[in-house]
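> The structure under discussion is supplied below as structure tokens; questions concerning it will follow.
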Amino acid sequence: MTLEAMRNRALNRANFISLEEYFDFAITYLHFMDDPTNIQAAIVCQNETSYRFYQYKEDGGHNITRPINNDLWLPEAQYVAHLGDFCNILNDLRNGNQPNLAHKNLVSKFIYTTQQTIGASLDSLEAARVNNARKLNGDIFEQFMRQLVQATGVECESGVIRVPIRDAAGTELVKVQYQHDMLISYDGDLKVIGSVKTSSKDRIDKIFIDKFLYSQLTGTDTPHIAVFLNDVQRGKATRGTATRPPSYKVASTFLSGKFKAYTIRLNPLDGVYYCDLRPNMTADPLLAPQIKSVDELFYGDLQRLLITAPPAPVEVEEGAELPADSDGTDSLISES
């Protein structure tokens, strides 16, 4: 399949309705990229050598991809060889069995590789379409994570929750509405609220504040979790010369100061998961207990939260979206 055909396929969310479609796209893209004649260059990152950039040929406008973590990226042969092992993890969870611990590290690698094949294919778009493609890529990642959770036998949808606000006598006055990426339920009761983003950049404030406001409005402590793909982006490149090629670097988009401040002074989240962990997330004594690899979500945390969390006292409309002009409330008070 040509790069143009893959790019057009990635531009349509309807092409990712099932996990099989995600896996098929990944295999197709990996097959394309594993042929060195299909790319202009593979560029080693100068400040973190585990990352690579790939430059497309004319069919991709000579664009350079997002940074790819070579420690997580699976070549086609490995992806195909271990796809059955990854699916067995999901099947074991669905059947109530403990998945094979020897395959635990496949979770991050499969999620990362699968999603990055979509994002990297969209990197071949012309500059004028980059912003729309970025939002689309995020939507596809949200959809992917919901499907993975569903594949383990857990109820998970996007949608709107409506939090009733009552006066001292218990009379309902208004409903405050919030839209969320993942509403995870058990036996029909909402148990966990989740946010899914490709990066925490420009989003970390809202995730912490959502939990704080929800807790204040309901007087309960429904778990709030966040799943991120990574927190790196292309850094500023150094221009090349006649004798020296340009230098490409990565830059972190993780705002550790804000994360720590909100965790200490506002409220900690009940689980923060990454496919591609930054070094300070595992080394910093305050961050390390709060941030985990995404495999921990599937290897125990999700089931623990479902069992221990009380049912949320809210109404849930799965699949719903708030109108663009909504103020987030349904008033039950007559207004004149």
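> Filter region 167-184 down to the residues that are in a strand (DSSP E or B) and polar (S, T, N, Q), then identify the one that is nearest to Asp139 (Cα to Cα). Break it down into steps so the answer makes sense when it comes.
Here is the first cut: in region 167-184, the ones in a strand (DSSP E or B) are 172-184.
In the following step, the residues that additionally are polar (S, T, N, Q) were identified as 177, 179.
On the way: Gln177: 20, Gln179: 14 Å.
Here the residue is Gln179.
> Considering each of Ser158, Ser108 in turn, give the residue that is crowded, with 19+ Cβ neighbours inside 10 Å, modelled with pLDDT of 95 or more and closer than 21 Å to Leu213 by Cβ.
The unique qualifying residue is Ser158.
> Then there's this: Based on what the data block shows, is Gly194 within 16 Å of the chain's Cα centre (by Cα) and closer than 24 Å to Glu318 by Cβ? Explain how you work it out, then say what you get.
On the way: within 16 Å of the chain's Cα centre (by Cα): yes; closer than 24 Å to Glu318 by Cβ: yes.
Criteria met by Gly194.
> While we're here: Among the candidates Ala10, Ala14, Ala26, which residue alone is under 22 Å from Phe141 (Cβ atoms) and surrounded by fewer than 16 Cβ atoms within 10 Å (Cβ to Cβ)? If you could, list the steps in order and put the result at the bottom.
Numbers: Ala10 fails: surrounded by fewer than 16 Cβ atoms within 10 Å (Cβ to Cβ); Ala26 fails: surrounded by fewer than 16 Cβ atoms within 10 Å (Cβ to Cβ).
The unique qualifying residue is Ala14.
> A follow-up question, please. Pick from Ile43, Ile17: which is among the hydrophobic types (A, V, I, L, M, F, W, C), assigned by TED's automatic domain parsing to the domain that holds Tyr112, on the phi < 0 side of the Ramachandran plot and assigned to a strand (DSSP E or B)?
On the way: Ile17 fails: assigned to a strand (DSSP E or B).
Being among the hydrophobic types (A, V, I, L, M, F, W, C), assigned by TED's automatic domain parsing to the domain that holds Tyr112, on the phi < 0 side of the Ramachandran plot and assigned to a strand (DSSP E or B) holds for just one of Ile43, Ile17, which is Ile43.
> Could you grab me the full set of residues in region 60-108 that are charged (D, E, K, R) and touching a helix residue (DSSP H, G or I) at 6+ places or on another chain (Cβ under 8 Å)?
As a first pass, look at region 60-108 and keep what is charged (D, E, K, R): 66, 71, 76, 85, 92, 94, 104.
Passing the criteria: Arg66, Glu76, Asp85, Arg94, Lys104.
> Determine, yes or no, whether Phe298 is surrounded by 13 or more Cβ atoms within 10 Å (Cβ to Cβ), at pLDDT 95 or above, farther than 21 Å from Gln115 by Cα and of a type outside the set (S, T, N, Q).
Numbers: surrounded by 13 or more Cβ atoms within 10 Å (Cβ to Cβ): yes; at pLDDT 95 or above: yes; farther than 21 Å from Gln115 by Cα: no; of a type outside the set (S, T, N, Q): yes.
Spelling it out, it is not the case that Phe298 is surrounded by 13 or more Cβ atoms within 10 Å (Cβ to Cβ), at pLDDT 95 or above, farther than 21 Å from Gln115 by Cα and of a type outside the set (S, T, N, Q).
> Here is a follow-up. Counting just the residues of region 69-94 that are in contact (Cβ under 8 Å) with a residue 24 or more places away in the chain and outside any helix (DSSP H, G or I), which one comes out farthest from Tyr22 (Cα to Cα)?
Going through the qualifying residues, I end up with Asn69.
> Additional query: For residues in region 194-203 being modelled with pLDDT under 95 and at negative phi, which is surrounded by the most Cβ atoms within 10 Å (Cβ to Cβ)? Walk me through it before giving the result.
We begin by selecting, within region 194-203, every residue modelled with pLDDT under 95; these are 201-203.
Right, trim to at negative phi and you get 201, 203.
On the way: Lys201: 14, Arg203: 16.
Looking at residues that are modelled with pLDDT under 95 and at negative phi, I get Arg203.
> Let me ask something additional. Residues to consider are Gly240, Gly271, Gly219, Gly235; find the one that is assigned by TED's automatic domain parsing to the domain that holds Gln177, surrounded by 13 or more Cβ atoms within 10 Å (Cβ to Cβ) and modelled with pLDDT under 95.
Values: Gly240 fails: surrounded by 13 or more Cβ atoms within 10 Å (Cβ to Cβ); Gly271 fails: modelled with pLDDT under 95; Gly219 fails: surrounded by 13 or more Cβ atoms within 10 Å (Cβ to Cβ).
Residue meeting the stated conditions: Gly235.
> Next question. Between Gly159, Gly188, which is in contact (Cβ under 8 Å) with a residue 24 or more places away in the chain, touching a Gly at 6+ places or on another chain (Cβ under 8 Å), farther than 29 Å from Thr282 by Cα and not assigned by TED's automatic domain parsing to the domain that holds Tyr51?
On the way: Gly188 fails: touching a Gly at 6+ places or on another chain (Cβ under 8 Å).
Gly159 is the lone residue from the list that is in contact (Cβ under 8 Å) with a residue 24 or more places away in the chain, touching a Gly at 6+ places or on another chain (Cβ under 8 Å), farther than 29 Å from Thr282 by Cα and not assigned by TED's automatic domain parsing to the domain that holds Tyr51.
> Moving on to the next point. Would you confirm whether or not region 166-183 contains a residue that is surrounded by 17 or more Cβ atoms within 10 Å (Cβ to Cβ), touching a Cys at 6+ places or on another chain (Cβ under 7 Å) and assigned by TED's automatic domain parsing to the domain that holds Thr114?
no
> Which of (1) of a type in the set (A, V, I, L, M, F, W, C); (2) within 18 Å of Pro268 (Cα to Cα); (3) modelled with pLDDT under 95 is the odd one out, the single condition Phe228 does not satisfy?
Only one criterion in (1) of a type in the set (A, V, I, L, M, F, W, C); (2) within 18 Å of Pro268 (Cα to Cα); (3) modelled with pLDDT under 95 is unmet by Phe228, namely (3).
> Take Phe141 and decide whether it is buried (at least 19 other Cβ atoms within 10 Å of the Cβ), free of Cβ contacts under 8 Å to residues at least 40 places away in the same chain and under 23 Å from Lys292 (Cβ atoms). Lay out the reasoning, then the answer.
Working: buried (at least 19 other Cβ atoms within 10 Å of the Cβ): yes; free of Cβ contacts under 8 Å to residues at least 40 places away in the same chain: no; under 23 Å from Lys292 (Cβ atoms): yes.
So Phe141 fails the test.
The values are calculated or read from the model by the stated rules, or taken from the named source; none is laboratory data. Because the structure is predicted, anything quoted here is derived from the model rather than measured. Ideal geometry is used to build each Cβ from the backbone, glycine not excepted, and the neighbour counts take in all protein chains shown.
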